[in-house]
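The values are calculated or read from the model by the stated rules, or taken from the named source; none is laboratory data. Everything numeric here is computed off the predicted structure, so don't read it as measured data. Positions of Cβ are backbone-derived with ideal geometry, glycine not excepted, and every protein chain shown enters the neighbour counts.
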Amino acid sequence: MKDPLFESIVINNLPVKNRIYLPAMHLGMAKDFEVTDQIVAFYAERARGGAGMITVGYATVDEFSGNSLNIGAHKDEFIPGLTRLAEAIKSNGARSGVQLNHAGRYNFSFFLDGKQPVAPSAIASRMTRETPRALEIDEIKQVIDSFAQAAVRVKKAGFDVVEVLQGTGYLISEFLSPLTNQREDGYGGSFENRIRFGIEVMQAIRRAVGDDYPLIVRMNGNDFMPDGQGRDELREYARALVENAGVDALCINVGWHEARVPQITTAVPRGAFAYLSRGIRDVVDVPVIASHRINDPETARELIADGMCDMVAMGRSLIADPYLPEKAATGRENEIVHCVACAQGCFDKLFKLQPIECLCNPMAGHEHERHIEKSDAPKKVMVIGGGAAGMNAAIAAADRGHSVSLYEKNDYLGGQLYLAAAPPGRAEFAELARDLEQQVICRDIALHFNQVVDADVIAREKPDHVIVATGAIPLTPPIPGMGLPHVVQSWDVLAHKVYTGKNVVVIGGGAVGVETALFLAEKGTVSGDTLKFLMVNKAESPETLYELAIRGTKKVTLIEMIDKIGKDFGKTTRWGMLQDVTRFGIETQTATRALEITESAIRVETGNGVEEIPADNVVIAAGAKPDNVLEQLLKDKGIACTVAGDAGAIGMAFDAVHQGFKAGMEI
């Protein structure tokens with residue numbers, strides 16, 4: 001039986017070898033709009049990995065449409081760089097495309113030398129906190145022509161396809177939505193008027209590039225904005241794009257950047273938004289591409305086989321593992337490193353105006369500068385600790401040709417990744433632990449479980465180099481009453497080692513404290529399967545089902561000394577986690593100091609004085625400290641060593657992965 005993921009497909013007259021589509025993603029790698037070696041190397045690697053089609057961008061169409069970190073397509077001088085990028089993709093076996101876009105009110109005046117961003121109407125953006133200038137009719141016509149001229153440049157550069165972004169809250173979707181389009185001329189008001197701009201953009205591009213050149217539109221299936229555009233109107237727009245503007249394929253994404261529905265984070269179930277591509281596929285006769293949180297081949301092939309879509313967009317999946325397509329095609333799916341949707345490297349870096357990286361793949365974004373080469377002098381390497389840092393160190397050292405042994409005090413690998421996977425919606429971190437373990441196994445790295453390493457073990461093994469990746473241990477703050485039996489550590493709660501009562505107070509409002517509070521607040525809520533059963537059988541009202549999904553059996557209070565919680569979450573994740581804190585009824589008290597724990601309560605000091613909070617259990621989430629007793633021992637013995645991950649300094653999982661990789665690479 002044929003694998004639906006690897007059947008070919010035709011877009012316009014262009015054959016594509018498989019159904020895996022790498023969509024355009026912000027990379028932050030361009031320099032003054034020019035294609036860089038970093039961009040070329042990044043996409044060449046994904047082409048070698050087996051993706052059927054790769055679309056780069058977005059690319060700019062005029063001076064107001066983006067910033068200098070975007071790929072430029074608004075001037076002829078950018079064609080040579082585009083040509084080099086197209087050739088890098090095509091010569092490595094993939095079809096190539098460029099996504100064109102205009103940011104509209106999502107641009108910042110900072111990037112425009114102080115000029116106002118432009119939009120259909122002068123309505124402020126919640127994302128930028130700026131109010132744009134409304135476009136005049138003659139300016140609208142000029143923007144349409146700019147899209148067409150940029151498409152011509154893309155074609156001249158040798159790309160196989162041009163895609164236009166018409167969703168996500170950027171300019172074209174601002175015209176489409178009544179939320180942001182309050183014009184009273186031919187481009188505003190009725191549905192027919194609001195879609196006019198997007199249709200005219202595609203018609204102009206079609207005239208400029210000819211009938212045989214494939215055109216794709218990436219559009220929302222639902223913008224998830226109050227008073228915005230839902231499924232029904234967007235389905236009609238999809239039909240109009242195909243019937244009236246000659247669009248050859250549709251790539252369906254979800255939500256605006258301002259929307260309060262999580263779209264790419266780990267809390268989103270795999271393939272959750274494919275129902276939107278299915279709805280659009282029902283009304284058009286061109287290929288439809290599903291996107292968002294499709295991070296494994298099995299989900300992808302099921303969506304295609306079940307008629308939910310014709311292709312799958314796997315963006316961050318191919319950042320995490322460029323060779324996912326090849327591994328799936330050759331029966332090596334067990335070797336895939338899956339995206340965990342943490343957004344620590346791909347999105348949070350962009351907010352800092354830095355090029356993207358990846359928690360799961362330390363090579364991502366560094367393909368142009370990091371090259372794993374065999375060592376001329378292979379060594380005996382001992383890695384102590386089997387968490388994220390230790391496994392990545394062992395993998396990198398083995399790839400360098402060293403003889404590697406990995407020592408772990410427990411009977412499993414993964415360390416704190418399994419703690420990170422315990423809160424609701426965070427299970428993908430356990431997937432990463434298993435993926436890294438598989439990478440260790442397929443390299444024949446010697447594994448030693450239930451082994452505490454001390455001076456005797458080191459003397460027996462006689463390593464040339466030791467990597468200390470022994471992780472961290474939780475902190476115990478000096479609060480009177482810490483020794484009482486109902487006081488427990490958050491790590492033990494997350495590891496299911498202890499049970500808690502009805503009233504629980506969590507001390508510490510950092511990432512671990514928030515995750516622990518959410519973990520406890522979900523106790524007693526109905527599962528997804530139960531929710532579906534009750535809903536399908538109309539056993540309860542929708543309102544009751546919602547309450548059953550968010551109201552557990554515990555009263556959870558989260559206290560934090562500083563004036564905010566979740567400060568050490570990445571920006572992409574934090575808002576969703578805090579939204580859940582409110583939704584699940586967790587009481588938060590900031591600027592609150594724990595004074596004493598008693599047998600039935602905890603005394604705290606707030607701005608209003610001292611008060612008592614009833615507590616059947618007190619959970620400590622006050623941070624961690626490095627667990628590193630071996631470094632000095634190794635130095636005293638004159639054995640070369642490197643410290644990686646929390647054993648050196650407490651950080652995020654991203655830091656552990658990258659530090660471990662670096663430690664292994666530098667031996």
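Screening E357 against (1) modelled with pLDDT under 95; (2) under 30 Å from I71 (Cα atoms) leaves a single unmet condition, (1). Scanning the stretch 392-423 for residues that are of a type in the set (S, T, N, Q) and either over 12 Å from G471 (Cβ atoms) or outside the structural domain of V457 (by TED's automatic domain parsing) (or both) yields N392, S403, S405. Within the set I384, I356, the sole residue that is β-branched (V, I, T) and under 24 Å from I39 (Cα atoms) turns out to be I356. Counting the residues of the stretch 106-127 that are among the aliphatic types (A, V, I, L, M), surrounded by fewer than 18 Cβ atoms within 10 Å (Cβ to Cβ) and touching a residue at least 24 places away in the same chain (Cβ under 8 Å) gives 3. As for the stretch 310-320, it holds at least one residue that is modelled with pLDDT of 95 or more, outside the structural domain of G576 (by TED's automatic domain parsing) and farther than 25 Å from M29 by Cα. Quick check, is T525 crowded, with 17+ Cβ neighbours inside 10 Å and farther than 30 Å from G481 by Cα? Yes, satisfied.
Would you confirm whether or not the stretch 128-136 contains a residue that is surrounded by fewer than 24 Cβ atoms within 10 Å (Cβ to Cβ), in the same structural domain as E233 (by TED's automatic domain parsing), under 27 Å from V35 (Cα atoms) and touching a Phe, Trp or Tyr at 6+ places or on another chain (Cβ under 7 Å)? Looking through the stretch 128-136, at least one residue is surrounded by fewer than 24 Cβ atoms within 10 Å (Cβ to Cβ), in the same structural domain as E233 (by TED's automatic domain parsing), under 27 Å from V35 (Cα atoms) and touching a Phe, Trp or Tyr at 6+ places or on another chain (Cβ under 7 Å).
Flag set for A615, criterion: surrounded by 14 or more Cβ atoms within 10 Å (Cβ to Cβ), more than 30 Å from V466 (Cβ to Cβ) and either in contact (Cβ under 8 Å) with a residue 12 or more places away in the chain or in the same structural domain as I458 (by TED's automatic domain parsing) (or both).
Test G66 against the criterion of being outside any helix (DSSP H, G or I), under 24 Å from the mean Cα position of the chain (by Cα) and closer than 25 Å to M363 by Cβ, and give yes or no. Here the answer is no, as G66 does not meet what is asked.
In this structure, V657 qualifies as modelled with pLDDT of 95 or more and either part of a loop (DSSP other than H, G, I, E, B) or under 24 Å from the mean Cα position of the chain (by Cα) (or both). Residues that are more than 16 Å from I441 (Cβ to Cβ) and touching a residue at least 60 places away in the same chain (Cβ under 8 Å) were ranked within the stretch 389-406; the one that is surrounded by the most Cβ atoms within 10 Å (Cβ to Cβ) is A389.
Kindly indicate the residue of the stretch 1-42 that is of a type in the set (F, W, Y) and farther than 22 Å from D306 by Cβ and also surrounded by the fewest Cβ atoms within 10 Å (Cβ to Cβ) among those meeting that condition. It comes out as F33.
Residues in the stretch 548-592 that are assigned to a loop (DSSP other than H, G, I, E, B), small (G, A, S) and out of contact with any helix residue (DSSP H, G or I) (no Cβ under 7 Å at 6 or more places or on another chain): A591 alone.
Candidates V504, V453: the one that is buried (at least 19 other Cβ atoms within 10 Å of the Cβ) and either assigned to a strand (DSSP E or B) or of a type outside the set (V, I, T) (or both) is V504. Checking the stated criteria, G609 turns out to be of a type in the set (G, A, S), surrounded by fewer than 17 Cβ atoms within 10 Å (Cβ to Cβ), over 30 Å from C346 (Cα atoms) and over 27 Å from the mean Cα position of the chain (by Cα). Here M308 passes the criteria (1) more than 29 Å from L250 (Cβ to Cβ); (2) under 23 Å from the mean Cα position of the chain (by Cα) except the one numbered (1).
The set of residues from the stretch 175-233 being free of Cβ contacts under 8 Å to residues at least 24 places away in the same chain and either crowded, with 22+ Cβ neighbours inside 10 Å or outside the structural domain of P120 (by TED's automatic domain parsing) (or both) comprises just one member, R194. Residues that are over 30 Å from E431 (Cβ atoms) and touching a residue at least 24 places away in the same chain (Cβ under 8 Å) do not occur anywhere in the stretch 645-664.
Reported count of residues in the stretch 501-537, each being more than 24 Å from the chain's Cα centre (by Cα) and not basic (K, R), is 21. In the stretch 440-450, the condition of being farther than 17 Å from I336 by Cβ and touching a Phe, Trp or Tyr at 6+ places or on another chain (Cβ under 7 Å) is met by at least one residue. Of the helices (runs of 4 or more DSSP H) lying entirely inside the stretch 188-257, those containing at least 1 residues that are of a type in the set (G, A, S) and modelled with pLDDT of 95 or more span 196-209, 231-245. Set side by side, the residues G66, G50 differ, and just one is more than 20 Å from P214 (Cβ to Cβ), touching an Asp or Glu at 6+ places or on another chain (Cβ under 7 Å) and either in contact (Cβ under 8 Å) with a residue 40 or more places away in the chain or among the acidic types (D, E) (or both), which is G50. Looking at this structure, is V498 under 35 Å from the mean Cα position of the chain (by Cα) and either among the basic types (K, R) or surrounded by fewer than 17 Cβ atoms within 10 Å (Cβ to Cβ) (or both)? Here the answer is yes, as V498 does meet what is asked.
Among the residues of the stretch 100-129, those that are part of a helix (DSSP H, G or I) and over 19 Å from R183 (Cα atoms) comprise S109, F110, F111, L112.
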